[in-house]
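Right, one structure below, let's go through it.
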There are 2 protein chains.
Amino acid sequence: MMINPEKDPAPDGVTVLRRELAEEKNRHLRTLADFDNYRKRVERDAAACAAQGKKELAGDLLEVLDNLERALAGVTDERVRQGLQMVYRQFLDTLCRHGLEPVECVGRPFDPGEQEGAGYVEAARFPPGYVAEELSRGYRFNRELLRPAVVRVAGGR
Amino acid sequence: MMINPEKDPAPDGVTVLRRELAEEKNRHLRTLADFDNYRKRVERDAAACAAQGKKELAGDLLEVLDNLERALAGVTDERVRQGLQMVYRQFLDTLCRHGLEPVECVGRPFDPGEQEGAGYVEAARFPPGYVAEELSRGYRFNRELLRPAVVRVAGGR
């Protein structure tokens with residue numbers, strides 16, 4: 001059998017081809033691994049995106065919830081008040097079922113991470129530095145702060 | 001130069017390597033294309049997932065919206081009624097800003113795709129087969145039906 005360097009690669013050509021094949025296989029494996037990682041991340045992200053959509057809507061509805069509570073406070077007719085109180089509870093419960101959670105603060109130490117201080121107040125019931133009064137309710141959504149509570153803190157004596 | 005089939009591949013070996021390399025390149029190109037398509041789909045899906053989350057929450061809040069409207073109807077105190085009417089509008093507007101849309105139906109031809117018929121009614125104002133009365137409002141979310149309207153249809157004369 002004749003070797004024709006024009007038509008058949010010399011052993012050098014084989015070495016080059018083998019190297020190219022190994023490199024190409026490596027590249028392919030890397031791409032497969034990237035693809036797999038990406039796919040796993042995307043599955044996690046889909047759930048996070050749906051939660052993000054809910055969070056946006058819930059955040060915009062907090063003002064409605066506040067205003068309903070305020071309107072409720074002005075109602076004197078007991079029958080109407082009870083009906084509206086039920087609507088308010090249903091509103092809050094529905095939001096909570098999707099991830100909303102009120103920030104409990106009265107009677108707890110002031111926490112600047114979740115609460116905005118609006119001054120001090122004389123409050124014999126609470127030690128100094130504890131939240132004595134909640135002016136506006138704070139909320140978390142899926143454990144992340146959505147809106148801080150606005151509070152008055154018990155002053156020192 | 002000598003050909004040693006034990007140490008250096010014969011031209012047959014080169015052919016095999018060349019075919020393997022071509023196949024491997026092909027596989028890699030296919031994976032890259034799959035990856036790219038997947039990435040584009042995921043970007044579209046992220047927006048769709050957020051919208052889906054909003055749709056789920058909005059769908060669960062329709063009952064609250066209905067109940068607030070019902071409670072409103074029972075309020076006689078004009079000042080309270082106006083306050084609650086504003087809260088109701090703000091509630092509806094907020095949901096609509098995120099994708100909700102009421103199904104308009106009174107005075108239009110009955111459409112079984114978006115409306116549930118709850119019988120016929122005598123209605124001189126509308127031609128037979130037109131919606132004469134809305135018993136429960138229907139809603140779309142991002143143009144898809146979320147809840148059908150429940151209506152009474154004008155009967156024939």
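Residues checked against (1) within 24 Å of A:Gly59 (Cα to Cα); (2) among the small types (Gly, Ala, Ser); (3) open to solvent by less than 20 Å² (accessible area, probe 1.4 Å); (4) modelled with pLDDT under 95:
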{"site": "B:Leu65", "(1), (2), (3), (4)": "yes, no, yes, no"}
{"site": "B:Ala73", "(1), (2), (3), (4)": "no, yes, no, yes"}
{"site": "B:Thr76", "(1), (2), (3), (4)": "no, no, no, yes"}
{"site": "B:Met86", "(1), (2), (3), (4)": "yes, no, no, no"}
{"site": "B:Glu101", "(1), (2), (3), (4)": "yes, no, no, no"}
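Can you tell me which residue among B:Ala22, B:Ala51, B:Ala33, B:Ala47 is at the interface with chain A (Cβ under 7 Å from one of its Cβ atoms), of a type in the set (Gly, Ala, Ser) and either assigned to a helix (DSSP H, G or I) or more than 27 Å from A:Ala33 (Cβ to Cβ) (or both)?
Numbers: B:Ala22 fails: at the interface with chain A (Cβ under 7 Å from one of its Cβ atoms); B:Ala33 fails: at the interface with chain A (Cβ under 7 Å from one of its Cβ atoms); B:Ala47 fails: at the interface with chain A (Cβ under 7 Å from one of its Cβ atoms).
Exactly one residue qualifies, and that residue is B:Ala51.
Scan the range B:91-99 and give yes if some residue there is out of contact with any helix residue (DSSP H, G or I) (no Cβ under 7 Å at 6 or more places or on another chain), assigned to a strand (DSSP E or B) and open to solvent by less than 60 Å² (accessible area, probe 1.4 Å), otherwise no. So far as the range B:91-99 goes, no, none of its residues is out of contact with any helix residue (DSSP H, G or I) (no Cβ under 7 Å at 6 or more places or on another chain), assigned to a strand (DSSP E or B) and open to solvent by less than 60 Å² (accessible area, probe 1.4 Å). The residue pairs whose first member lies in the range B:118-142 and is on the phi > 0 side of the Ramachandran plot, whose second member is assigned to a strand (DSSP E or B) and open to solvent by 30 Å² or more (accessible area, probe 1.4 Å), and whose beta carbons are closer than 7 Å, counting only pairs six or more residues apart or on different chains, are B:Gly119/B:Arg152; B:Gly129/B:Pro109.
The values are calculated or read from the model by the stated rules, or taken from the named source; none is laboratory data. This is a predicted model, so every value here is computed, not measured. Note that we place each Cβ from the backbone using ideal geometry, even for glycine, and neighbour counts take in every protein chain shown. Side chains included, ligands, DNA and RNA excluded: accessible areas come from the protein's heavy atoms. Shrake-Rupley method; radii C 1.70, N 1.55, O 1.52, S 1.80 Å.
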